[in-house]
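The values are calculated or read from the model by the stated rules, or taken from the named source; none is laboratory data. Quantities reported herein were computed from a predicted structural model and do not represent experimental measurements. Here Cβ is always computed from backbone atoms with ideal geometry, including for glycine, and neighbour counts include all displayed protein chains.
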């Protein structure tokens, strides 16, 4: 019997924080030591998270809450900080720390030649600390603090190669666009503070208040929608998705850790964490499900025509996050959304790290310039194939089970969303097979170049193998016949009959998509050029990502820029003008007075004389005119 | 007061004005010194005129003018000495160029 480790949960974020401080002190020296510190801290964190997770599986324990750190005390209102360990939180801890550890090991090789090596690891450690603390937060405000902190880490890491203008722009975009969402979350917190009994902000009180209907239904709807806006920003849902593809300018391990597995999932986690609020508001749930469903199909269509290997995966991430939101929005329980988050974290991290391995070898990102890599990079090819199959949802890979769970739920409760999900699954299969065949199979490479390529070193392939193994295995915790995960996560099991129709259809469209991809990009029996010329305007629409960036540029950025110009002109010419006028006046006065002091005694004498004459005249005049 | 005083006072005034004009406008430092002497002598003339035709005629004015002449002599001696030193250092007796007070 393993005892309950939940009361040691505060140790989990502590080690990455210490590692962050240590790496910051090291600066650019001692790469070896920096590596050791980073891997050591991440390993400890992973081990503690794993122990907490296992102990929570083996013991039927209550949620553990520690909230003795009183932070603010204003009159009757007090706000305590602390940490909470529930089954949901321990699952997230495990996801974050395991992917974090694997990405750290992977980055040792990937970032080997970067001179800001230790800085990179310190950022990863800071991110891991913030993300783990976010997961453990007990109240909304604490959650928000770490929510912003992970945003900062994302900014720092996207802009890690800030000498590239594209990376700089992407970092700013990621920060500003998510900030729009964060504003929604912040307003939600303010409304909660205003309406909650005793102004309490901790998750438990909020749940109780919603369940016992102490809040007005319309207020709940507003809170839910505002919270969801926060989630939209962080999880790259439509219409705030534009930052995520650009964020691929960052180093690839970062894309795997932050922009695929953990931080972008924070939005989904937020909705799951405050799920009672959403359950109390059918309207908000409807918004969540349709935004999620729309994002899923929308991003999948864009992914079909992208040429950058990382951007395809980024759109795929947006699409899968859409699935999770859709699953949450259908409104039965958090199980399916969290289950997909769990499996997606592993196979999407795997895909990104695989893409990183490819990029590390060929130093290109355009999939049309790659090909035939399977002969040289066996491990990368196989693990990438497993990741792709898991993403497409081919049984028995993990993605199949989680996607099937979502589709089953949609099939039973909302047929429109079901067909959206099926279409997305087909598109997913198509773009992933396109990616796979073009990168790893293909024929358009000259042999000279291909001979220079080789498999990535072991410290990069081992994380791939581990993630591939996880991508195969983790799906079995929740299958149509086995509801263990659901029972563990939310404490009850919905017994549903196995929907063979859903399983068959989703597998069929997956295989169909792969077939189509194979025919177009491997056998080339259907010409992709012909397709793109035949549907020219659709193709152009997709290549330009539905012109969303352009629309934002015209509707928001340009007018704001114009307003900024006008205000800056006002500042320059009116306000600064006044300042300059004052200073010029003083300077002029100074110039006049310096000219008076010219060292010519005769001038001084003359002025004195003039003064005397004026005085004499004044006295004489006074006598004649008789003033006073 | 005796009306005979006015020609003396007018002469003294004219002398003083000539002196002050020269002191303020001439470039040569020697002439400036001479003009200062002129102004002092105009004052002496005043003093003497008042001691003879003033409201209360007395010898005080004449004695005072003697003191004045003494001081004027001393002043001229010091002035000339300064001028010579200046000339040795700067090779000029042009008043316009003596503008170090500016700094």
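Put simply, of A:615, A:609, A:578, A:556 the only residue that is within 14 Å of chain B (Cβ to nearest Cβ), over 19 Å from residue B:102 (Cβ atoms) and either in a helix (DSSP H, G or I) or without any contact (Cβ under 8 Å) to a residue 60 or more places away in the chain (or both) is A:609.
Of the numbered criteria (1) without any contact (Cβ under 8 Å) to a residue 60 or more places away in the chain; (2) in a loop (DSSP other than H, G, I, E, B), the one residue A:43 fails is (2).
From A:454, A:368, which residue is modelled with pLDDT under 85, assigned to a loop (DSSP other than H, G, I, E, B) and farther than 30 Å from residue A:328 by Cβ? First the steps, then the outcome.
Details: A:368 fails: assigned to a loop (DSSP other than H, G, I, E, B).
Result: A:454 is the single residue among A:454, A:368 that is modelled with pLDDT under 85, assigned to a loop (DSSP other than H, G, I, E, B) and farther than 30 Å from residue A:328 by Cβ.
So, residue B:99, is that one in contact with a strand residue (DSSP E or B) (Cβ under 9 Å, 6 or more places away or on another chain) and within 14 Å of another protein chain (Cβ to nearest Cβ) or not? I'd like the intermediate steps shown before the answer.
Values: in contact with a strand residue (DSSP E or B) (Cβ under 9 Å, 6 or more places away or on another chain): no; within 14 Å of another protein chain (Cβ to nearest Cβ): yes.
No; evaluated as a whole, the condition is false for this residue.
Condition check for residue A:308 on (1) closer than 30 Å to residue A:461 by Cα; (2) over 18 Å from the mean Cα position of the chain (by Cα); (3) buried (at least 20 other Cβ atoms within 10 Å of the Cβ): one failure, at (3).
If the condition is being under 16 Å from residue A:121 (Cα atoms) and within 14 Å of the chain's Cα centre (by Cα), then region A:150-164 contributes A:150, A:152, A:153, A:154, A:155, A:156, A:157, A:158, A:159. Among the numbered conditions (1) within 27 Å of residue A:245 (Cβ to Cβ); (2) more than 16 Å from the chain's Cα centre (by Cα); (3) part of a helix (DSSP H, G or I), the only one that residue A:143 does not meet is (2). Evaluate region B:54-77: report whether one residue or more is closer than 30 Å to residue A:595 by Cα and either more than 14 Å from chain A (Cβ to nearest Cβ) or within 13 Å of the chain's Cα centre (by Cα) (or both). No, every residue in region B:54-77 fails to be closer than 30 Å to residue A:595 by Cα and either more than 14 Å from chain A (Cβ to nearest Cβ) or within 13 Å of the chain's Cα centre (by Cα) (or both).
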